[in-house]
Amino acid sequence: MALNTNKNVKLYYSIKEVAAMFDIRESTLRFWETEFPHLKPKTVGQNVRQYTEKDIEQIRVIHNLVKVRGFKLSAARKMLNKNRTGVDKSSDILATLISVRDELKELKKQLDSMV
């Protein structure tokens with residue numbers, strides 16, 4: 001795996017920077033935090049928000065649903081929860097498949113040693 005040498009990557013973004021990215025007000029971001037439970041930026045000091053790339057991706061999805069596609073907040077929240085459940089289920093399936101693969105590799109190793 002190659003080492004990422006990009007020195008322009010930031011770990012945290014301020015609420016002002018994130019609001020500017022999406023051309024929305026800072027108050028809109030704070031409101032979305034109350035409406036979408038999965039949006040929880042890190043807070044330091046006197047409730048200074050620090051957004052990660054993951055938070056920004058979540059905001060990108062919310063922005064697309066609410067501002068671009070015109071979903072009401074409740075409909076956007078339902079869509080996000082539905083998709084999150086699907087992601088959780090697919091993670092369980094992936095873990096099961098990896099486990100089965102490992103068991104098959106072990107069985108193959110045992111069979112190869114018998115020959």
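Each value in this text was obtained by applying a stated rule to the coordinates, not by laboratory testing. Not measured: the values here are computed from a predicted model. FYI the Cβ positions are ideal-geometry reconstructions off the backbone, even for glycines, and counts take in every protein chain you see.
Compute the distance in nm between two label points, each set 7 Å from the Cα along the Cα-to-Cβ direction, one at L104 and one at K78.
Roughly 4.0 nm, to one decimal.
Determine which residues of segment 48-70 fall in the zone a paramagnetic label at K42 would reach in this model, i.e. backbone nitrogen under 17 Å from the point 7 Å along Cα→Cβ.
Within reach of a label on K42: 48-58.
Please compute the modelled spin-label separation between E26 and D112, points set 7 Å along Cα→Cβ, answer in nm with one decimal.
Taking the two extended label points, one gets 6.0 nm.
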